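**Q** Next up is a structure, given as structure tokens.
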Amino acid sequence: MVKRERTWRRRLLFIAGLVLLLAAAPGYASVVKVLNTTTGGGIGTSAAVNTFYNAQAGVTSSLINGAVTAADLVGADLFVVNNPDNNFLASEITAMAGFLAGGKRILFIGENSNFPNENNRISGAIASLGGSMSISNTMFDSGYWVATKTNGQILNHTLTTGVNSLEYAAPSGIGGVAGGERLFLSSNLTQVWAGHELAGGGSIVLVADSNIIRDLSVGSYDNDVFFNNMLTPIPAPGAILLGSIGMGLVGWLRRRKSL
């Protein structure tokens, strides 16, 4: 009788641990909103980003025309801003801040020194949202280049998982990126042109080259993988805690079973 009770107790604890792990496990984003801009720096347009995401299984994407409002971002998991045409209004910054506070991600895409106004708008918005990254309005690696993990240009990060090669062209450098949050480097490995940071309860990704949009539908490189990685959710602090508890319970039960 005692042995049976212990067996059931262990089973219940094991189930509880699995439940906590499942509760902590994130799903994947399915709704994308893209600011409809016309500048598009280089040849990468917002319309192309929108088309790409709509072609992904389980993902829906739509363009936002005009000033961004909180209502525009309701239900979205990712907001993409590619070379904004106008300065952001205070109300737009508020809407984006609220979006980040919900644990969501904003992908800002800028360009090189030929697009200083667009870059400055992005840098200003990130600063207003509590971030530290900014575009330096420089230019390097003119012409088309292929960055790879093998040559050291693509750094290991959650957002570069599966990204082994990536085509880009004449980006700008960015500053304010923590060492572990750098994503892509210049061909001489001295300048950063893509990075990530946590801000306002959410996640901001900054890429200073819209040419990476060019190969989204080609498939010759892993540009599409990188954009799909933008849909990877940001674990909430509570989820991390639940996951730790769940893993601890499961591990403890396995050790008990082996005794």
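**Q** Please list, in order along region 49-57, the HN-Hα scalar couplings obtained from phi with the Karplus expression 6.51 cos²θ - 1.76 cosθ + 1.60 (θ = phi - 60°), rounded to whole Hz, x for Gly and Pro.
**A** 5, 4, 4, 4, 5, 5, 8, 8, 4
**Q** Can you work out ³J(HN,Hα) from phi for every residue in region 221-233, in order, using Karplus 6.51 cos²θ - 1.76 cosθ + 1.60 and θ = phi - 60°, giving whole Hz and x for Gly and Pro?
**A** 10, 9, 4, 5, 5, 4, 5, 5, 5, 4, 7, 5, x
**Q** Thr60: net charge of surrounding residues, Cβ under 13 Å, Lys/Arg +1, Asp/Glu -1, itself excluded?
**A** Details: positive: Lys33; negative: Asp77.
Local net charge: 0.
**Q** Using amide H atoms built in the peptide plane, which far-off residues or other-chain residues are under 5 Å from Val31 H to H?
**A** Thr60, Asp77, Leu78
**Q** In the neighborhood of Glu118, defined by Cβ-to-Cβ distances under 11 Å, what is the net charge if each Lys or Arg adds +1 and each Asp or Glu adds -1?
**A** Details: positive: Arg121; negative: Asp85, Glu111.
It works out to a net charge of -1.
**Q** Classify region 34-130 from the C-alpha gyration tensor, please: rounded if a/c falls under 1.5, else prolate or oblate depending on whether a/b exceeds b/c.
**A** On the way: a/c = 1.83, a/b = 1.07, b/c = 1.70.
Oblate, since a/c reaches 1.5 and b/c is not below a/b.
**Q** Loop only per DSSP, at most 16 neighbouring Cβ atoms within 10 Å: give me the GluC sites (Glu not before Pro) in region 95-195, ordered by residue number.
**A** none
**Q** Using Cβ contacts closer than 10 Å as the measure, can you line up Arg105, Arg182 from fewest to most?
**A** The fewest-first ordering by Cβ neighbours comes to Arg182, Arg105.
**Q** Next question, about the same structure. In what order do Asp85, Asp209, Asp222, Asp72 fall by count of nearby beta-carbon atoms within 10 Å, going from fewest to most? Walk me through the intermediate numbers first.
**A** Numbers: Asp85 14, Asp209 27, Asp222 23, Asp72 19.
Ordered from fewest to most neighbouring Cβ atoms within 10 Å, Asp85, Asp209, Asp222, Asp72 come out as Asp85, Asp72, Asp222, Asp209.
**Q** Show me, for region 113-122, the HN-Hα J-couplings you get by feeding each phi into the Karplus relation (A = 6.51, B = -1.76, C = 1.60, θ = phi - 60°), rounded to Hz, glycine and proline as x.
**A** Result, ordered by residue: 5, 6, 10, x, 5, 4, 4, 5, 5, 5 Hz.
**Q** Once you have the Cα-Cα distance between Asn151 and Ala127, take 0.36 nm times their residue separation minus that, and quote the gain in nm to one decimal. Mind showing how you got there, number by number?
**A** Values: separation 24, 0.36 × 24 = 8.64 nm, distance 3.19 nm.
Fully extending the segment from Asn151 to Ala127 adds 5.5 nm.
**Q** While we're on this one: To the nearest 0.05, what FRET efficiency results for Ser113 and Ala178 with a Förster distance of 25 Å applied to their C-beta separation? List each step's numbers first, then the result.
**A** Values: r = 24 Å, r/R0 = 0.97.
Once the sixth-power term is evaluated, E becomes 0.55.
The numbers here are math on the coordinates, done by the rules we state, and not lab data. The model shown is predicted, which means the values in this text are computed figures rather than measured ones. So basically every Cβ, Gly included, is an ideal-geometry build from the backbone, and we count neighbours across all protein chains shown.
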